[in-house]
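What follows is calculated from the coordinates using simple rules that are stated; it is not laboratory data. These figures come from a predicted structure and were not determined experimentally. Ideal geometry is used to build each Cβ from the backbone, glycine not excepted, and the neighbour counts take in all protein chains shown.
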Amino acid sequence: MESKEKKSLFGDPEIFFKKVGARMRALRIKADFSSFEDFAHEHDIASSQYGRYERGTDMRMSTFIRILEALNITFEEFFKEGFD
């Protein structure tokens, strides 16, 4: 009998969000923000919440877009590395 279990296109969501957070952190550091608090404050994002995003917490798409804009990067550029 065939399994009715639905498979994710992104694999394990928890692992996917951890990769998103790691990529955000790498790009923040590349943009010369050693502190996530400073980055969040400068871009009007709650620092405690931004820290959770870098640790892999799920976020709303509108928040993700704001972060991409703050990093001055497109979706394509963001997902170009670290998502093999």
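Matching residues to (1) more than 22 Å from D12 (Cα to Cα); (2) touching a helix residue (DSSP H, G or I) at 6+ places or on another chain (Cβ under 9 Å):
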{"residue": "F36", "(1), (2)": "yes, yes"}
{"residue": "A46", "(1), (2)": "yes, yes"}
{"residue": "Y50", "(1), (2)": "no, yes"}
{"residue": "G56", "(1), (2)": "no, yes"}
{"residue": "E76", "(1), (2)": "no, no"}
{"residue": "E81", "(1), (2)": "no, yes"}
Within segment 37-50, residues being under 17 Å from I65 (Cα atoms) and either touching a residue at least 12 places away in the same chain (Cβ under 8 Å) or of a type outside the set (A, V, I, L, M) (or both) number 9
Within the bounds of segment 66-83, is there any residue that is among the charged types (D, E, K, R) and buried (at least 18 other Cβ atoms within 10 Å of the Cβ)? no
